[in-house]
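Down below is the structure, laid out as structure tokens.
The values are calculated or read from the model by the stated rules, or taken from the named source; none is laboratory data. Treat the numbers as computed from the prediction; the structure is a model and nothing was measured. A quick note on method: Cβ atoms are made from the backbone with ideal geometry, for glycine too, and the neighbour counts reach across all protein chains shown.
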Amino acid sequence: MGKRAALATYDKEFSFVSPVVKYLLFLFNLIFWMISLVLMSIGIYARMMKHAEAAMACLAVDPAILLLIVGVLMFFITFCGCVGSLRENICLLQTFCIFLTIIFLLQLAAGVLGFVFSDKARNKVSEIINNAIVHYRDDIDLQNLIDFGQKEFSCCGGVTYTDWSQNMYFNCTTDNRSRERCSVPFSCCLLSKDEAVINTMCGQGMQGLPFLQAGAFIHTNGCIDKLVNWIHSNLFMLGGIALGLAIPQVHITHTCIVYFRVGVHFNRCHSIPSSQTLEIHSFSFSGY
């Protein structure tokens, strides 16, 4: 009787799913699910800490909004992956796989379109940077992001350092009474690594100087050219990272779906009522 019960239980609980694939997918999604929670928390906190008027004025270039959007999308996608892999739910896994495939295709399309229509892509990047320059003092997060970019790429403005005249605080018009009139942010300055204290007023009046003379104190080249050159120099690395992240996800998900479908089909084909199962096992052991 013990052997018969064990065999009957085996028939009912048999799963065709590989535990390695199942829990590998679950662990992978759990990590990114926690990252999505962190991104959403940072985005919500950043939005709550800003003044309402300033936040609405630069909504289109607010890094906090970008963090929130990425966090929400990542949360939904990884939730489908976590629950789908743990509960062996084909519907959730298919949803997860579809989203990953769409993201992969969008990345591929963005890369191809950016390469083919490089001039239009450059103009769009220039428009985004100029819009960010206009709202530089309106949003502390945007300000920190621009300063970080200018320091990392050793650049100033979009095309050149005089682009900062688009900002109401830095423009060189005679009716501008700002202390920063005709200046540039300190992140444009040629900073020495030996300086213990950064002179945040080093960009004072730099827009009024000729190109060569200003080059002795600040970076005069724009960030657009520096960014485009960096992308061209690291194109294969960026493509490899994108493929390295996307292809394993899609492959593992497709593998899980195939496993689960085969497992469901196998269990349906072998689902026999318990009374018939006992009779079959009884017949099988009659020879012993």
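Please give the number of the condition Gln150 fails out of (1) touching a residue at least 60 places away in the same chain (Cβ under 8 Å); (2) surrounded by fewer than 16 Cβ atoms within 10 Å (Cβ to Cβ). Condition not satisfied by Gln150: (2). Out of Ser165, Ser126, one residue alone is among the hydroxyl-bearing types (Ser, Thr, Tyr) and under 23 Å from the mean Cα position of the chain (by Cα). It is Ser126. When we screen Cys182, Cys155 for residues that are surrounded by 19 or more Cβ atoms within 10 Å (Cβ to Cβ) and at positive phi, the only hit is Cys182. You will find that of Val184, Val134, Val159, the residue that is touching a residue at least 12 places away in the same chain (Cβ under 8 Å) and over 24 Å from Asn229 (Cβ atoms) is Val134 and no other.
Cys172 satisfies every condition listed in (1) buried (at least 19 other Cβ atoms within 10 Å of the Cβ); (2) farther than 21 Å from Leu227 by Cβ; (3) touching a helix residue (DSSP H, G or I) at 6+ places or on another chain (Cβ under 6 Å) except (1).
So, Gly222, is that one loosely packed, with under 15 Cβ neighbours inside 10 Å, within 30 Å of Val112 (Cβ to Cβ) and either at pLDDT 65 or above or β-branched (Val, Ile, Thr) (or both) or not? The answer is no for Gly222.
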